[in-house]
Structure formats: C-alpha cells, structure tokens
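The values are calculated or read from the model by the stated rules, or taken from the named source; none is laboratory data. Keep in mind the model is a prediction, meaning the values are calculated, not measured. In this analysis, Cβ positions are derived from the backbone assuming ideal geometry, glycine residues included, and neighbour counts consider all displayed protein chains.
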Amino acid sequence: MVKSNFLKPLIIPAFVGLLSFSSVCAQDTGAGEKLFTENCASCHVIEGTKSIGPNLRGVTKKHKEEWLLKWIKNSQALISSGDATAVKLYEDNNKTVMSNFESLSDGEIKSILTYVETAQVSTVKVNPENPEIVNTNELTTAAGNSGFYSNTTLLVLLALVVVLILIGILLGRVKGMMRQMLAARFPDNIELNKPSWYEGKFLPWFKNLNPTIATLVAVLLVAVVAGGAYFKYANTEIGVQQGYAPTQPIAFDHKLHAGDYKIDCQYCHSTASFSKQASVPAVNTCMNCHKHIDAKDKYNGEVSPEIQKIRTAYEKNVPIKWIRIHNLPDLAYFNHAQHVTVGKVECQACHGPVETMHKVEQFASLQMGWCVNCHRQSDVDVANNGYYEELHKKLQGMGRKAISVEKNGGLECGKCHY
Amino acid sequence: MENKTKYWKGLEELNREPGFVQANKNEFAEGLPLDEVFSENNMSLSSNRRDFLKFFGFSVSAVALAACNKAPVKNVIPYVVKPEEVNPGIPNWYASTYEGLPVLVKTREGRPIKIEGNTKGYAGGGVDASGQASVLGLYDSERLDVPTKGGQPSNWKTVDGEIAGKLASIAAAGGAIRLVTGTVNSPSMLAAISEFTAKYPTTQHVTYDAISYSGIIEANKMCFNKPVVPQYKFDQAKVIVSFGADFLGNWISSTEFTYQWAKNRRLLNGEKEISKHYQFESLLSITGSKADIRMPHKPSQQGGVVIALYNQIAKLAQRDAISSGAVELGGNSIANAAKDLWANRGKSLVVCGSNDPNVQCIVNGINELLGSYGTTIDLDNYSKQYAGTDAAFETFVNELTSGTAKGVIFCGVNPAYTYHDTAKIENGIKKLELSVAIACGVDETAKLCTYVCPDNHYLESWGDNEVKAGYYTFTQPTIDRVFDTRQSLESILVWAGNSTTAYDYIKNNWQAKQAAGFSWNESIQNGIYAAPAQSAQAYLTTVSMSQMAANIAKPASDIEFIAYESAHMRDGRDANNPWLQELPDAISKVTWDNYASISKFNADKLDVKEGDTVNISVGNLKLENVPVLIQPGQARDTVAIALGYGHKTGGKVATEAGGFNVFPARSYKNNFINNTAAGVKIEKSAKSYELARTQTHHSIEGRDLVKEASLSAWQKDPSANNHDHHQLIKNPKKNDQFYTLWEEHDNRGHKWGMAIDLNTCTGCGSCIVSCSAENNVPVVGRDEVRRRREMHWIRIDRYYRFMPQTPNPDDQQAGRGFTKAGDLGIGETDGYTDEEHKDWFDHVSVSHQPMLCQHCGHAPCETVCPVLATTHSNEGLNQMTYNRCIGTKYCANNCPYKVRRFNWFRYNDNDKFDYYMNNDLGKMVLNPDVTVRTRGVMEKCSFCIQRIQYGKLQAKLQNRKVMDGEIKMACQQSCASGAIVFGDLKDPNSEISRLYRNQRAYHLLDELNTQPAIVYMTEIRNNDYPSASSQQDHAKAGHEESENHKH
C-alpha cells in the first residue's frame, strides 16, 4: 500500500514532537506554580485549611501589587517602617515572621501572584463513613501535585492528537487525489490544472534543497525532539516520584494528628533533630496515646479498625511495614539534623503542608535541582552557632551579615555525594 | 641533588625487566576487558549483525518494559518497641575485646559495622589488620548455623543430651576426658572449666597454642621458676635487640608493642633521640624492615648469634663468657649492639623469637646482665596471652593415639590442620568414644568430630579476659546471635549441668570476686578493669649459661626451611576472611597466595626467577610447584613459606586462596616445636605461576618519594635531606614562581590536612583493612589483582634500598651513615653478581610509605575530567562524585601518585566476585553512610568525608567549633604507632599545623606544584656507627641546632 508506506515515517516524529510540545507548554504555564511550590507552599495554601501563613486566594484584591512586592521581599522592613497594613497582618498571624525573598525578581513574584489568582484548587472531601480521601479534582492542585501529567490523561490526549493528524493527512491526500481525478477529467479547466501549493511551491523547493544539509537538519530536529522527550521520560523513570501517595497499611491521618490535634512533628519523628534520619515512630510511640484513645464514639462503640491494627501489632509484637514515600537514591546523602536543627528549616519546606494531608504524598520533587535551589536561596545562620564563629567574624569584617549556603560550599558535590 | 639514594620496589623494577617496562608504559595492564564485561551480562563480543539487531531489539523492549514499571515499593519498618539508645542514623559504640585487645565496636541500627581501637586500652587505640577484619567474620555466610551430629544438622537439645550422657558414662568408667582449648585467660571460662572438671573428674584441660611461646615459658621456668610469658616494655627501652622476634608483626602482643615502640621513634615532640633497634633474623620481617641495623643469618645460627652477644655483654660485665658455639656476624654488628646495650643498662631490651628454651635462657641471661628485669621486662605483671606449651599438647596427642583418651572436646582449636603430624590427630579422633568440636565454621578438626557445636562470634558473646596479670578486658555482645549458635562458655556450662546464661555467670563471678574498685557497669562500659599493678622486681638466674649453650643444636650447613607466621594470616584461623586474603603482605606485597621465599643468592644458584616454581621436600613433606619469590634481605640458603594456607576445608575463600600447608614441616623435639628444618631439597620445576602481587603496580617511575636521614645528620640539621622539599610548606608564596593553571582556593571554614610519619609507619596494613571496612571497598580476588585492578584506597608502597653493613668512611664523616652502595639503584646494578657486590641483596633497608589520595590543592585529576566528576571543595578536599563519573579514566592517567581506582566490574551481587558483597548477610557489614560504587566509575580516598561531615555536624549541633583531633580518619584510628595525623590546617594550634611546621615535613613531588594536603615526615634511622645515643657530644650539638631552627 502506497499510502501506508508514505505515512509510516511521519507517525513517530509527529508523536514525539507532540510529546515534547506538550511538556514545553506545561512548563511555560507552570512557572508561577513552580515558584509557588518552591518558595511559598511550605507556609501558604491558596484555599482550604490555613497553613502557617494566611491563605492566598484573593490576595491581589486585598493588597496593591507594589505593597505585595515590598512585603514579599522583606516583610520585617515593611513592618518596622510602621506600615499599618503590614503591622496588622503581622499581629493577626501571631507575629510569625515571614521569610524574605529578596532573591525573587519582580517578574517572578508577579508570576506567582498570577498563579495564585488563576489556580484551581482541589477540594478535598472526607466521606464520613469511610475515612478514605476522595480527591474531587485530579487535574490541578495547589499543593504541587502535577496532576496534569497523570499518565492516562496524557496518553488519551496524545492518542487524540495523533488520530486528528492522521485524519488531516488522510483528508489532504483524498483531496489531492480527487483533484487529480478531476483534472484528468477536465484537462482544460485552468483552475483545476493550476499546480497546488504542494506541487507548485513545496515540491520544487524541496527538490532544490541540498540533500546533505537537509538530511542533517532533519536528523538534528528529530534528535532534539526525541532527546527532549526522552529526557522527560527518563526523569520519571529515575525515581522522581513527586506526588507519590501510596496507601499505607494503616490509614494514618496526618491532618488529624498534626493539623487538628497539633501534635509536634518531632513527637513522632523524634530523631529528626539529631540524626540523619527523621525515622518513622515505633509502635510503642503510637501506643503512648492509643492505649487510651480508641475512637469508639465514631465506630458505634467498637475500637476504630485502624487503631486496632496498631494495638494488634503491639500485642503480637509484629512491626508495621509502612511504605516509604520519600526515597533518596543511595548516591545522595541527606541528613535531617543538619537541616532541622542547624539550618532551622521547617519540616513543611520539604514535606509540604503535611498537617493538611489526610494521606501523605511526596510534596517536593526531591531532585537535585530542587535541593540546589534552596541552597542557593538560603542563608547560613552564622550568628547563632559557635561552629561558625570564625566565619561570622570574617563576614562582619567584610561588612556582610549573611552568607548563602551556596557561598559556604553548599553546592559542592562532596556535601551530598560520597 | 641532595639525596642520591635510589629506592626500588622489586627486582623487576631494579633490573628494568622488559615486561615491567612495557607494563608501565600502559595506563592499564592490558586492553579493555570488554569481553568480560559483556560476558557478565551473558553477551559476547564476537557478535554478528543479527546479534546486534537482537541486542538492539532487546534494548528497545527493555526500555519499553522499564517504562511500564513503577518504582519498587520500599518499606520502612520501625521497631515495635524501640530501645531507648538505638536511633536510626546514629551509631552506637560499645566497648569489647578482640583476642584480648580492647576495642570499640561501631554499630548502626543494631549491626556491628566497624572495629576501632579503644584509646583507654594498653595498645593506645590501635588495632591490627586481623582485628579490623574480624567484624567480617560475623557476617560469614558459611558459619555453622546449627549444631551437627555426624555432619547432619541437629538441635541443641539432642546434642546436649547425648554429649552429657556420653561424658557421664566415660567419667563413670574412669575414661579420660580432655578439653582442648587455646590459651584461656578468661577467669569466667576457667571457672566454667573447673565446674566441668568437678562434674567429670577424669577431665584434664589441655592448652594448645598452634604457634606457642613454650620456649619463653620454659626458659622463665628454668631461670626464675616463673613459667610465664613476661610483659615487655618497648617504650622503656632505648636500645632494642631482637633475635628474630617480629614484635611489630605478630609476636605475642604486636599491636601493643608497636604502640610502645613508636613512642620512642617519633622525633616530633621535641625529642632529640630515638631508640636504637638491632634486628638479627633470617627472613625480612616487618620488624626487620623497621630496624636501624639488620643482619640476616640462617635460623640454625640463631643460638650461636645469641651466644656471641652474651659473650660480648659478659665481657663488658666482667663475667664468664660461654666457651663455644658463638657465631659472629659481619659488620661488627654484634659488638656494636653489645656496646649500645651496655651503655644503656636498665634501658635496654633483648628479645628472641626462638622456641628453644635453651636459646631463651641465654637471652634471659643477657637481659639479667643488662638489668632489664624490673625495668623493660616485667615478670610480676606478666602476660597471660599465651600459656600453652608444646609438651602438654604432645602428651595429649600421645593419649589420643594410644587410645587412653576417651572423650575429647576441641574448643576453638584446629589441631587437624595446625599440628605437624595431622595423621595422628585424624586417627586418634576416630578412636574416640566422644569427639566434640566447638567451632565457628567447619574446619579440619570439626569435620572429623562427631558433634560440632557452633560457637558465637565474639561480637555476639559475653566475656572477660585477663590479658596481663591483674589487667582485665571485657566483651559484650553488640548483636543478637545471627545463627542458632551458643557461646563456648555456655556450652561448657550446660554440659557441666549449669544452665546459667553467660551474662549471669560472668557477672556473678565478678561480683563474688569483690575486686578492689570494681564496678560491673563501668567495666563493661569501658571494656577494661585494671587492678593496681604490682611493682616489677629484678630477677636473678642461677642457670649455667654454658650448660644451656651446650644444648643448642649446631648450625646446619645445608639449606634450611622456615615455616613462618605471616603478619595477618597467622596460624590460618582467619583464612576465610577475604579482607585479609586481599591485604598485601607488608614486605612481599603478595595477596591471596603463599610462596617459597628465597634469597637472590639461591635464586641464582637454582636458576629461577619470579614466576617460576620449585619443588621442595622437607622431611616427609613434599611440596610441588611452589611459586618462587625472591626476597631481598633474606638470609642465604633459607627457604620460607608462610603458615596458614592450604586449607582443605573451612570456607570458600580459604579454599580459593589455597596455597600450601607447611605446618607438617614443623617438628617436635626436646619438648618444643621447631618451626625450622634442615636438610631441605629444592629444585626448579617446569611450571610457572603468576603471583597476585601489588608491589610494582602503580609505578612512580623511580621518582624521589622517600626521604630519609640518619639520626646524627638530623641532630645537626633538623631539615636533613629535606632542604628543597621543605620550601613550599614553609613559604607557600613560593608558588608564585611556578606557572600555574589553577586558581587559588579560598578555604573558608577548614583546610583539612594529613601528616604521615615514615618513621613510625611499620607497613602492617591495618589502615588498609580499616579503610576497606569504613569505605565499602570491594574485594576483587586473585585474578583481578594480577591484572593490577585492586581497589584499596590506601596502599603501602614498600621501597628497598641497598645498605651494606660496612659503613663507608666518607658517609660516616658526612654524617649520613649510609654507604655509597645505596646510591646505586634502578638500572645500575647489572654487576651485582660481581664478587665485590655479592652481598648487596642480603642487606637492604626498607621504607614503608602509605599512599593515598593526596588531595592536591592543584589537582591534576580535576582539570582533565570532562564531566566535572572530580572537583575541589573549599575545605581542601578533592571530591569524587560517582554519580557524575562516566569512567573516562583520564583522572587516573593524570594522577602522579597513582591513587585512583577504577571499578572494572560491579563487585556487589556478582557471582564472579563471590565474597561478602554477594550475599545479604555479608552486605550487613557495609557502612550505610558510604555509597557502594558500581561498574564504570572511578573511586579513591575521600579523606573519610563522611567522618568529616559527621564531626562538623556534631560541632554544629553542640554549638561549638570542631575540636582538634575530634575527627579521625579510619586509617589514622587504626594505626597503633600513631603514624597518621589528621586535622585542620586553618587552626594554627592544631597538631597537624604543628607537624606542617616541622622541618621533617615534605610533600610528595611538590616540584609538580600539585600542593598536596598530605605531608610525609622524613624517615630518621639511628644507624650511625657507633650509636649516636652513646656519644655524649651529640646532645650538645643537638641543643644548639634546636636554638637555630626555632621558628
């Protein structure tokens, strides 16, 4: 079949091209979202349960843009300048200091604001009979779940596009053949015998092309497109599991414990302050409370089945096989104590608003770029740690107050890879 | 040129053999092993176009398949009830004891992963290579997991019932029961044994040390009525004379002795003197390699040489000399030794490795004349490390062969391998009514016994040891039992009808003792309890030295055989430990093999060269096709083979190492085992064999790396032989004179540096094993070592230098103490067979140089990496990023120190490398803080960056600066002689900064302007004639020097 032979070589590049095109588009629209996730999401949500800072829906209507720019870059300066709005906001939020984002450009902040205004937010409903979480909106979430890339959606879209293109090409061919047949029947009709764009312009131009250069350009194009696509694909294959939210053996609800009951993260993840690992609590830690708490009132006088699982594990001395969500590859060394105690980084900065999550999911990409970005933007707290005494003196001598983690060697390979 | 002395690593380098020259031209020993790499994946290079398509199709479908996979679900399983002291990610340290040596055990998440020295212990925090490697023994998948009966798996209940029943019936019938153990110095074990004996009264406890010190024990019994091994104090000795005692290698308590010896060899803390050390020996031992004056002699001459020294001392002490039997050695060495010893009476020590009590008596006589008893030798707080006598075991063997013994329990001993006449043991065991072996694995003896009761590894056991009279060390378990094993103490107790656990038994035992100042918890925590020491007394002997001398055998005239104990294979008990098999011998640098070590003289006579093999017959023992190793410094007409090889059973690694068992070459005569034999026949055989030998891998092309000076030269000039090389350290500005491609690094917080003292490095190799354990360095096996692909991050280069024992007057005047012969080296010695130079190969001086990544400030490797996988940190570290490395190997090619190692294979989960990384149990030893490298990446010493990071984090968490000496490298921690110092050069008061300012410090190849972070301290040898220490005027001269050279 002549037709299918003609079509075959077109299909793969077209497919690949579309794939990369879609990812490029996604990145463009996602710039604000990306910045939001990296910088704001540890303390703010757009809608829903309040995180550390206030919810951001409608923030551009509440405040002017210039004021917002000043506030975001250095809120403390604005407060100390006596700005009434700023002081009120500060006091309304229990005088929680907002981090400074002087590293963000005006454009970047604006893109965040745009995102905040336009973003659709998933609304989370809890089915009262079954405390499984029902996510009503798969496509977009403020918490950085890249739902757009949901595999099925993407595949369906792609298939659709491919089919459309194929139909387009087929129709084009049909039209051409009809024309030819018409021209054969009416050889005198000038309109019909006028060469088409394909025959009159494209073919002569195509035939005059230098074959070597043309081939090279074509190969290059295909390579770039295919490479881009492969990169995107490989990225997901090397364990980038952002949004990973497996069902745990016990439906432990972080929102209930950390959010509603405000149990400190480190009550359970007790080694985070001094050890490499934050550690998942042992069953006896759970039993400290669940010896007494059984939620009988919610289960018609029966012990909650999930709590019963803990009690059974404890009684039978069988450890619980939790599913690990945050997996760093063996080649990367990460130490919680360094970040939690020395760097004073909030848990939410990396793990997201866990206190709002019924079912915990991987909030950050945990990719190196994500790590490095934070190391670029954060300052070392040289003033309050005896370890940095010399460095602090040296910086003071230079008239500087702070040094970024990056400038202090925080981007060196050997900090994390050995 | 300041230093014309030439150093060489081996004969092939010395003689510029074509093979060696060719091999060193290439970056790697051979072409790329594509075949092997592909065969690892069941692919083959000899593929045709169709195969290519298959591979192509496979790859595509593999990618497609992989695309369908989700990342594997990983579990995190916390405790049910978390022990309070165990926190994931935080190591716990427990004090324990390895063979009487106090150690600390590092555990992570309940797994012991590293052994380190206990700085509170008598060896100052050092551990030997065997101790370092012992943790791997815990995870040996071939350990016996259940008790067996007749080779079949059984259970404790059955086995205990049957053993106890048989013991009872034998005892009731009056049949002899024998309990054979190694030296037991555990008070609790001794108590258990007496309970056992009380229950079965026909029992006798037989102490059997495969390599015994019965000569010393017997001699002390004869001379002083004290049948013990004394405690030697090398740190109190200014002059040490050793007759074949390898006290830095494995003699009695070598880790402790190394620690003591190094105290007087350092010259870094304002000392002006070092001890003077004479070594008279047949082989070139580790101790001999560090000696100031070393003279080789045949083993049968040893008695004569000792007599000669006695006579010289007696002359000075105006006592009667021994009339006959003295053997004089060249170079006036014995007279010089006597002079030095006599000048330092009370501060001198003579030791002897002989197992002949007659020789040891004369040595005792010398020590008595020198006033060593009570000063450098302590017979009151004596050593309890070895108590076995050859005669006692011989009596037992007779009982065994005659059938008198009815029931025997072998506990931790392997006489079916280590006894010289194994047939006697084999037949004897067959006659027994009851034969029991308490062992960790199925060794030769356990295989013969009816019942085999698996013993715990020491890291799973409770224990106490009295290593010296009144000095106790404690063992506590650091992991629950891996298999269904039971520690020997409990087994003995159970059979004695006592079901107390080891913990309760030991604790009750100690609490019953009511020792002064003893606290159970404190002793377990520290691992040590020392009762107040008694004061050491002087001792006098009435034994007739002439009588002793008359008993000594006359020197033999033919070739003699020596079955020697190599530093880490010892009696073969650790033969199944791949870390130790892969550790190069300190002197010969051979791994995985034993070999016939012969002198150059005999090699020429036999017309053999390295790579050839010989057939040897010693008495009834015939050894065929033994690979030859030509050992410079070895006495002529001797042939030596190490003990501990040639296992028939005992594990994959032990049998893979193979080799020759030379225990049968030993003989029993006059109540002692003789490790040597005369009347050896040796002939060249037709076969050839390539030893897996690392000595000339990573050739430095004869560049000037070792610096040494004599003590007198150093006393006159603290920068002796180091003038040009000290410049850069003293004056870093001098760099401006060099054209440099590198930007200067801004070391903001720290600048890490290391100093290695060539004076105190003995080359023992403990640092290598320590490094492998800390950094997950894989074992590659014999074949890969042959291909120059060993992976050790730290190696110890051993250099020879000719040093004839006749001093050259010119040199002596110049204060060098060396002779011109030393100036000749590589490629210049074709004429060594000339009559004039014939003894050159008998007299070599040895230098050990640990070589690891130098962490150059201007690192040549960094500039050539196309992917920036090796970079510089602002703390002065040269970092290697495995996940970035694409394996071009440019860096290895560009490294002037040859310290980079390429992963030719994936060494974990690979059946071709079936060592510990190929099974789940073995992998438990891996350090979770260090990446396990994969195929195709380069690796090298990281300055234990995980330790640096850990140390820094602890400081930050405690809101303080890093303390000097707080961060210790794995190699440094393990070093008994303290030859390695690590620290922050940014801190001007740190130990490392002080050493950098020392005038002995030099960088390797600093003419390349690589600006290494490691300095070496020149080796200072006390080899002037006569001893510098006996010359009074030197002290004054030295004092003036120190004034001139103060900074």
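When A:Asp330 is tested against (1) within 11 Å of chain B (Cβ to nearest Cβ); (2) within 17 Å of the chain's Cα centre (by Cα); (3) closer than 22 Å to A:His417 by Cβ, exactly one condition is not met: (2).
Checking the stated criteria, B:Ser402 turns out to be out of contact with any helix residue (DSSP H, G or I) (no Cβ under 8 Å at 6 or more places or on another chain), surrounded by fewer than 19 Cβ atoms within 10 Å (Cβ to Cβ) and of a type in the set (S, T, N, Q). Among residues of segment A:89-118 that are on the phi < 0 side of the Ramachandran plot, those with a beta-carbon under 7 Å from a residue that is crowded, with 18+ Cβ neighbours inside 10 Å and assigned to a loop (DSSP other than H, G, I, E, B) at least six positions away or on a different chain give the pairs A:Val116/A:Ile46; A:Val116/A:Leu56. Under the condition of being more than 17 Å from B:Phe396 (Cα to Cα), of a type outside the set (Gly, Ala, Ser) and either in a helix (DSSP H, G or I) or in contact with a Cys (Cβ under 7 Å, 6 or more places away or on another chain) (or both), the residues counted in segment B:183-207 number 7.
With respect to the conditions (1) in a loop (DSSP other than H, G, I, E, B); (2) farther than 23 Å from B:Gly110 by Cβ, B:Val482 falls short on a single one, namely (2). If you filter segment A:384-400 down to residues that are surrounded by fewer than 18 Cβ atoms within 10 Å (Cβ to Cβ), under 16 Å from A:Gly343 (Cα atoms) and without any contact (Cβ under 8 Å) to a residue 12 or more places away in the chain, you find that the one that is farthest from the other protein chains (Cβ to nearest Cβ) is A:Asn384. Against the condition surrounded by fewer than 24 Cβ atoms within 10 Å (Cβ to Cβ) and of a type outside the set (A, V, I, L, M), how does B:Lys290 come out, does it pass? For B:Lys290, the condition - surrounded by fewer than 24 Cβ atoms within 10 Å (Cβ to Cβ) and of a type outside the set (A, V, I, L, M) - is not met. Only one entry in B:Asn959, B:Asn989 is in contact (Cβ under 8 Å) with a residue 12 or more places away in the chain and either among the polar types (S, T, N, Q) or part of a strand (DSSP E or B) (or both), namely B:Asn989.
When B:Gly965, B:Gly936, B:Gly983, B:Gly978 are screened for being in contact (Cβ under 8 Å) with a residue 24 or more places away in the chain, within 22 Å of B:Gln879 (Cβ to Cβ) and more than 14 Å from every other protein chain (Cβ to nearest Cβ), only B:Gly983 passes. Within segment B:879-916, being touching a residue at least 60 places away in the same chain (Cβ under 8 Å) and within 14 Å of chain A (Cβ to nearest Cβ) holds for B:Gln879, B:Met880, B:Asn903, B:Arg906, B:Asn908. Tell me whether segment A:365-376 contains one or more residues that are in contact (Cβ under 8 Å) with a residue 60 or more places away in the chain, touching a strand residue (DSSP E or B) at 6+ places or on another chain (Cβ under 8 Å), more than 14 Å from every other protein chain (Cβ to nearest Cβ) and surrounded by fewer than 18 Cβ atoms within 10 Å (Cβ to Cβ). The answer is yes, given that some residue of segment A:365-376 is in contact (Cβ under 8 Å) with a residue 60 or more places away in the chain, touching a strand residue (DSSP E or B) at 6+ places or on another chain (Cβ under 8 Å), more than 14 Å from every other protein chain (Cβ to nearest Cβ) and surrounded by fewer than 18 Cβ atoms within 10 Å (Cβ to Cβ). In segment B:881-890, the condition of being buried (at least 24 other Cβ atoms within 10 Å of the Cβ) and either modelled with pLDDT of 95 or more or under 19 Å from B:Phe943 (Cβ atoms) (or both) is met by no residue.
The requirement of being modelled with pLDDT under 95, in a helix (DSSP H, G or I), over 26 Å from the mean Cα position of the chain (by Cα) and more than 30 Å from B:Ala538 (Cβ to Cβ) is fulfilled nowhere in segment B:363-371; no residue meets it. Pick from segment A:235-257 the residues that are touching a helix residue (DSSP H, G or I) at 6+ places or on another chain (Cβ under 9 Å) and among the hydrophobic types (A, V, I, L, M, F, W, C): which of them is farthest from the other protein chains (Cβ to nearest Cβ)? It comes out as A:Ala251.
State whether the residues of segment B:84-105 include one that is under 18 Å from the mean Cα position of the chain (by Cα), away from chain A (no Cβ under 14 Å) and more than 23 Å from B:Ile528 (Cα to Cα).
So far as segment B:84-105 goes, no, none of its residues is under 18 Å from the mean Cα position of the chain (by Cα), away from chain A (no Cβ under 14 Å) and more than 23 Å from B:Ile528 (Cα to Cα).
Among residues of segment B:222-257 being in a helix (DSSP H, G or I) and either of a type in the set (S, T, N, Q) or without any contact (Cβ under 8 Å) to a residue 12 or more places away in the chain (or both), the one that is surrounded by the fewest Cβ atoms within 10 Å (Cβ to Cβ) is B:Gln236.
Residues that are in contact (Cβ under 8 Å) with a residue 60 or more places away in the chain and not in a strand (DSSP E or B) were ranked within segment B:855-872; the one that is nearest to the other protein chains (Cβ to nearest Cβ) is B:Ala869.
Considering only residues that are outside any loop (DSSP other than H, G, I, E, B) and touching a helix residue (DSSP H, G or I) at 6+ places or on another chain (Cβ under 6 Å), look in segment A:286-308 and name the one that is farthest from the other protein chains (Cβ to nearest Cβ). Top of the filtered list is A:Ile307. When we screen B:Ala575, B:Ala563, B:Ala567, B:Ala549 for residues that are closer than 30 Å to B:His792 by Cβ, more than 16 Å from the chain's Cα centre (by Cα), in contact (Cβ under 8 Å) with a residue 24 or more places away in the chain and buried (at least 23 other Cβ atoms within 10 Å of the Cβ), the only hit is B:Ala563.
Taken over segment B:905-938, residues that are surrounded by fewer than 23 Cβ atoms within 10 Å (Cβ to Cβ), within 27 Å of B:Lys889 (Cα to Cα) and not β-branched (Val, Ile, Thr) amount to 17. Per the conditions (1) under 19 Å from B:Ser772 (Cα atoms); (2) of a type in the set (S, T, N, Q); (3) more than 8 Å from chain A (Cβ to nearest Cβ), the sole criterion not satisfied by B:Gln954 is (1).
Could you list, in sequence order, all residues of segment A:337-363 that are facing chain B (nearest Cβ under 8 Å) and in contact with a Lys or Arg (Cβ under 6 Å, 6 or more places away or on another chain)? Hit for segment A:337-363 is A:Val342, nothing else.
Where strands (runs of 3 or more DSSP E) sit wholly within segment B:587-661, those with at least 1 residues that are over 26 Å from B:Arg787 (Cα atoms) and without any contact (Cβ under 8 Å) to a residue 24 or more places away in the chain occupy B:621-630. Inside segment A:258-285, can you point out the residues that are at the interface with chain B (Cβ under 10 Å from one of its Cβ atoms), in a loop (DSSP other than H, G, I, E, B) and on the phi < 0 side of the Ramachandran plot? Passing the criteria: A:Ser270, A:Thr271, A:Ala272, A:Ser273, A:Phe274, A:Ser275, A:Lys276, A:Gln277, A:Ala278, A:Val280, A:Pro281, A:Ala282.
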